[in-house]
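Undergrad: One structure is given below, represented as structure tokens, and several questions about it will come after.
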Amino acid sequence: MTWIWICRTRISLRTFRMAKTLVVLAGPTAVGKTRFGIALAKELQTEIISADSRQIYKEASIGTAVPSPEELRTVRHHFIQTVSLEENYNASRYEQDVLRLLEELFGRYDLVLMVGGSGLYIKAVCEGIDDLPPHDPALRSKLLSRYEKEGLQSLTEELWRLDPVSAGRIDLKNHMRVLKALEVSLQTGKPYSEFLSGTPARRPFNILRLALDMERQELYRRINERVDRMMKDGLLEEVKRLQPYARTNAMKSVGYRELFDYLEGKVPLEEAVDRIRRNTRKFARKQITWFRKNDQYCWFSPDEIREAVQWIRESSDLQDR
RNA sequence: GGGGAGAUACCAAAGUGGCCAACUGGGGCAGACUGUAAAUCUGCUGUCGCACGACUUCGGAGGUUCGAAUCCUUCUCUCCCCA
């Protein structure tokens, strides 16, 4: 656990002079962020902004593992079940919504807590995300069917023509990236790359980042346990109820797509549940990778709430108040 | 008791004399990622050095061969069918 110490020492030596601080609590799914976050919020007497791209949807609760009603009563949460699955929510909208809310919250608190595992959403708030023209679903579906008919090659060739900068930068094997760049370039007549500033946004508040992790084996155990609990709590019924939304973005999530497959008769139930377990493990690994590459995170184990509180107090200079 | 099929790396599964350290899929590990981000994409995955290379693998033990996961003998185990 030396890495934690190195990281803590380096950051806690820094002195933060700014009055307002956004404390970010990140980490893989099922590591215990909700519990930890609530404990922190109580201790620091503040509110929680959820940074979870799935818990934000109104219609879902079991599969997205939203905090329980009791937990939500204990500490005020924002962005939990606030938008509909039918809406086209994304990181950019989240950035704007959070910044607007923060203005208000910082009027009341010196310190606000953001808790969640959606790396891109957190990044959008902390570093900004460049403005793009409004998404054009018609163009997207046109490009998508072209991708299916003509293959990726045809799209990348066009991207090289329209936006060589992006073509040189983007992962050309990833059709999502190619599609996006092409879509924007076609829609605006300007290369996608010109919309990207490449510089992090300045924020009128300070940011403190901490992340939770635990031994891999234990994390996997907790994931399995959680999946079993979700099934007992009625995940299958929730998924049945959400079948009309099966084709929306959010319903491609772990826990839903596997059960849609079961409901459509593609796999037996036990197999579907097993896939949920495996896909959740993969998801957790990806989250860890994402947060690990950002060396501003100070890592804690989920039982180090006291240590985290102390670290936050020291780092945010609250003690001087 | 008789007849048949099979045992391959963590799992599943190809290979049926040299092109095999062994296809492929899963799993695992690592990574990329500025609008689907719980998405999408990439690399590695016998051991040791981790580049070249060296060493040990395809149920066990023998054998044939210049050479075997692949052929022969035998042993062990599994599955199926008939009794």
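The values are calculated or read from the model by the stated rules, or taken from the named source; none is laboratory data. Given the structure is predicted, the values throughout are model-derived calculations rather than measurements. Note that we place each Cβ from the backbone using ideal geometry, even for glycine, and neighbour counts take in every protein chain shown. Note: areas computed on protein heavy atoms with side chains; ligands, DNA, RNA excluded. Shrake-Rupley method; radii C 1.70, N 1.55, O 1.52, S 1.80 Å.
Undergrad: Find how many whole Å separate the alpha carbon centroid of segment A:178-219 from the alpha carbon centroid of segment A:100-126.
TA: Measuring centre to centre over Cα atoms gives 16 Å.
Undergrad: Against the 2.2 N^0.38 Å scaling, with N counting residues, where does segment A:184-299 land? I'd like the Cα-based Rg ratio to two decimal places.
TA: 1.46
Undergrad: Then there is this: Using a probe of 1.4 angstrom, how much of the accessible area of segment A:14-158 is carbon and sulfur, in percent?
TA: Exposed carbon and sulfur together represent 48 percent of the surface.
Undergrad: For segment A:84-204, what Kirkwood radius comes out of the mean inverse Cα-Cα distance, in Å?
TA: Hydrodynamic radius (Kirkwood, Cα pairs) of segment A:84-204 is 16.3 Å.
Undergrad: In the P(r) worked out for segment A:122-163, what percent of Cα pairs fall beyond 15 Å?
TA: Above the 15 Å cut-off, segment A:122-163 has 61 percent of its Cα pairs.
Undergrad: Set the bar at 22 Å for Cα to Cα. Now go through A:K149/A:K190; A:K123/A:K286; A:K58/A:K282; A:K240/A:K282; A:K142/A:K282 and name every pair that lies beyond it.
TA: Where the Cα-Cα span goes over 22 Å, the pairs concerned are A:K149/A:K190; A:K58/A:K282; A:K240/A:K282; A:K142/A:K282.
Undergrad: Would you work out what percent of the accessible area of segment A:200-266, with all protein chains in place, is carbon or sulfur (probe 1.4 Å)?
TA: Percent of accessible area from carbon and sulfur atoms in segment A:200-266: 44.
Undergrad: Now, a different point. If you take the charge dipole of segment A:229-277 about its Cα centre, with +1 on Lys and Arg Cβ and -1 on Asp and Glu Cβ, which of A:L259, A:A272, A:N249 is farthest toward its positive end?
TA: Checked the options; the winner is A:N249.
Undergrad: If you place +1 on the Cβ of every Lys and Arg, -1 on the Cβ of every Asp and Glu, and leave all else neutral, what size is the dipole of segment A:109-222 about its Cα centre, to the nearest 20 Debye?
TA: Using only the charged Cβ atoms, the result is roughly 160 debye.
Undergrad: If you look at just the Cα atoms of segment A:81-133, how large are its Rg and its Dmax in Å?
TA: In order Rg, Dmax, the Cα atoms of segment A:81-133 give 12.0, 35 Å.
Undergrad: Quote the charge dipole size of segment A:123-164 about the Cα centre in Debye, to the nearest 20; the model charges only the Cβ of Lys and Arg (+1) and of Asp and Glu (-1).
TA: The calculated dipole for segment A:123-164 is roughly 200 debye.
Undergrad: Then there is this: So which residue, out of A:T34, A:T74, A:T64, gets the largest mean-square fluctuation from a GNM of chain A using Cα contacts under 10 Å as springs?
TA: Checking each option, the largest mean-square fluctuation is seen for A:T74.
Undergrad: What number comes out for accessible area per residue over segment A:196-321 if the probe is 1.4 Å? Units Å², please.
TA: Here the residues of segment A:196-321 average 58 Å² of exposed surface.
Undergrad: Calculate the dipole size of chain A relative to its Cα centre from +1 charges on Lys and Arg beta carbons and -1 charges on Asp and Glu beta carbons; express the result in debye to the nearest 20.
TA: 460 debye
Undergrad: Another question, then. Per the Kirkwood definition applied to all pairs of different Cα atoms, how many angstroms is the hydrodynamic radius of chain A?
TA: Result for chain A stands at 21.4 Å.
Undergrad: Amide H neighbours of A:T21 under 5 Å, at least 5 residues apart or on other chains, H built in the peptide plane: list them.
TA: Counting only residues 5 or more places away or on other chains, the set is A:L111, A:V112, A:N206.
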